[in-house]
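Down below is the structure, laid out as structure tokens.
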Amino acid sequence: MALREIADIADWGRTQISMLHGRAELVQKLEGDIPAAKGDGGQGLVRLPDELEGFELAQGLARMYGDDILVEHDNESQALLIHEHADEIARLADNPQAAAAFFALLPAKARDSLPSVLTAIRSRTAEQDLVAFSKALGAALRAPTLIPAFAKVKADLTKPVDGKITAWNRLALLKGADAPTGVRTAAARALALDDFAKNPHQDWRAGLNEAREYDLPPDLVAMALEVLAGDGRAAREVFAGMGGTDVKLSQIEKMKLFLDYADQVSAGDEVADAFGRVLEAGTEARTENPGRHSPSAATFALDAILVTGLLGPSLPATAKDSMGVIARSYVHELASGARFDRATNRTSGPRIPEHWVPLPGVTPAFYLSPGDTYRFLKTFVGEEKPVADFNSTMARFRHDILLSAACLDAQGDKNYFRDISMMFGDFSSIAFKATKDVLGEEDAAGEHARNFIKNTSGFLLGGFSFTNEIVDLSWEVFQAYGLSALGDEWDDSFEKQVETATGERTDLARRMKFDMAYLLYSGGYSTSRPPQELINATTGTLKTYEELVVEAKREATDNKKWEHILQEKLEAYEEWMDENGKLDKEIEYSSRFQSSDLAENLLRLPK
């Protein structure tokens, strides 16, 4: 019995020695031969045994793919086997060190050819499988401590390579990896953009079959931009250093390279689309708040606005949505860029123009000239969704700033409300000129009328809530009011459209006055107490024009039309305004300022 126990122990010892020997070899492989990497974090691979279990799984997957699946089977078998184990690859993302071990042990040739192999074998799940590999790679790249052997993989992915197909494959793998900023920057530059900056006039086509399979651009330049999209710091770092010391171009000139290139190649739409999203990222348009942009994002945004403005409506259509996103984030800069009350002949730049008077609540990070404001607006004013989204943002900005100005004016005679009304009047005038120059005067007027009618009709039919959409409706009234005051050529047509939608001729000037009265009263402007029937019992604020319309419709009877009831309510409203001379004058000034076409007439652009 004792001898048998000793024999069993010996057998167990032999299996343990074999296992430990295998683990020792694995540790040695993962330690690599890069001394600098081995000291990363001061830790190495001495955590036993838990992490080695994950490493052993990674080693098994790497052997299976690198030594078997990718080299020993026919196309159909390869596709099935690759997909069968793709979930295991995706799960490696939950263990970043194991994911790093997998890529460290996977032969470089297999890694660099993976996207091409998946399409070559006509895998029906190629896109899904590539996502799994990218997910695991991203986890490995983001791991807090670096497995030494993986450092070589990271270095390989971020250095130049012979052959555009290999470069395309690396970028395709990195695109879905959510890689760290440094990796994105280095890879985009090394695999495409440094050479592009030095000599853009090359054939950058690569991976045509692969691109079709993965719905990715077949253009190496576009692929490099795709890797940068979504990472603002990476975008800014690439444009700052692209091409290295051999390239003496400014950031604006580098940006223009991409626009020129997009205009010349068959993949131009994809280049422009990716370029637009890179500009979005670099400006932090989706991550920072309007009026509170960081200096680095604002500097990038100024160059982006200037360079795209050079093309105006000729900007590729696929980039226009991104211009709308940037515009929404930089409403402070665009609104103040339209001002004609100060520094009319200013040039765009980061410094406050001479004799400039800041307005409360308007905090631009840079100062646009009216001409550059106009040119940038032309990049997207003809596009329905970007314009609708921008209008909604500008509507809330206008409401909040005017309300804040009313509060300040209530505390002293600063005339902020008038000055800000003048700013919005100038902006509206320039924006309408941009729209006219893109769409034509008749279409531009029709667009304003349609938006006004749609939103007004929706409100009257109960489609609006007073707490939210009323701000958007106020913006439509503002634009329509300014439009109706600009000329007589299409005024009759505009009024007919409004009359058709509402059933009655709409007095836009009167509506605008009520809008101003509502804002001033809400801001605490000094007035007498309005009649009780003009006060909203729930909020305690002055009723809006739209609320009075809804009330009139509700109170209408067979013997008395709602229009007559509304007129009685408005007469009481106007009588109260007339009793408050200072308020009435403020309403009159601000209404007139916001309908002025002075900015359009003063805008003189060099030929």
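The values are calculated or read from the model by the stated rules, or taken from the named source; none is laboratory data. Quick caveat, the model's predicted, so the values are computed rather than measured. For neighbour counting, all protein chains shown are included, and Cβ atoms are generated from backbone atoms with ideal geometry for every residue, glycine included. All accessible areas refer to the heavy atoms of the entire protein, side chains included, with ligands and DNA or RNA removed. Shrake-Rupley method; radii C 1.70, N 1.55, O 1.52, S 1.80 Å.
Is it true that some residue in region 325-332 is within 14 Å of Phe424 (Cα to Cα) and part of a helix (DSSP H, G or I)?
yes
Being in contact with an Asp or Glu (Cβ under 7 Å, 6 or more places away or on another chain), at pLDDT 90 or above and part of a helix (DSSP H, G or I) is the requirement here; does Asp584 meet it?
yes
Only residues that are surrounded by fewer than 16 Cβ atoms within 10 Å (Cβ to Cβ) and within 22 Å of Pro160 (Cβ to Cβ): list them for region 103-145, please.
Within region 103-145, Pro107, Ala108, Lys109 qualify.
Of all residues in region 525-535 being free of Cβ contacts under 8 Å to residues at least 40 places away in the same chain and under 13 Å from Tyr573 (Cβ atoms), which is least open to solvent (accessible area, probe 1.4 Å)?
This residue is Ile535.
Being in contact with a Ser or Thr (Cβ under 9 Å, 6 or more places away or on another chain) and open to solvent by less than 90 Å² (accessible area, probe 1.4 Å) is the filter; apply it to region 566-585 and report the residue that is farthest from Pro531 (Cα to Cα).
Leu583
Does Arg554 qualify as being farther than 19 Å from Gln479 by Cα and either in a helix (DSSP H, G or I) or within 35 Å of the chain's Cα centre (by Cα) (or both)?
The answer is yes for Arg554.
Tell me whether region 343-360 contains one or more residues that are part of a helix (DSSP H, G or I), in contact with a Ser or Thr (Cβ under 8 Å, 6 or more places away or on another chain) and under 22 Å from Asp597 (Cα atoms).
no
Of the residues Leu315, Leu311, Leu334, which single one is closer than 14 Å to Thr373 by Cβ, touching a residue at least 60 places away in the same chain (Cβ under 8 Å) and in contact with a helix residue (DSSP H, G or I) (Cβ under 7 Å, 6 or more places away or on another chain)?
Leu334
Need the failing condition index for Val278 against (1) open to solvent by 10 Å² or more (accessible area, probe 1.4 Å); (2) out of contact with any Asp or Glu (no Cβ under 6 Å at 6 or more places or on another chain), just the number.
If we test Val278 against (1) open to solvent by 10 Å² or more (accessible area, probe 1.4 Å); (2) out of contact with any Asp or Glu (no Cβ under 6 Å at 6 or more places or on another chain), just (1) comes out false.
What is the residue count in region 146-162 for residues that are in contact with a Leu (Cβ under 6 Å, 6 or more places away or on another chain) and open to solvent by 30 Å² or more (accessible area, probe 1.4 Å)?
Of the residues in that region, 0 qualify.
Considering only residues of region 369-380 that are in a loop (DSSP other than H, G, I, E, B) and more than 17 Å from the chain's Cα centre (by Cα), which is farthest from Gly309 (Cα to Cα)?
The residue in question is Ser369.
Between Asp195, Asp178, Asp203, Asp215, which is under 19 Å from Phe103 (Cβ atoms) and either open to solvent by 50 Å² or more (accessible area, probe 1.4 Å) or aliphatic (A, V, I, L, M) (or both)?
Asp178
Go through region 327-341 residue by residue and tally those that are among the acidic types (Asp, Glu) and more than 21 Å from His355 (Cβ to Cβ).
0
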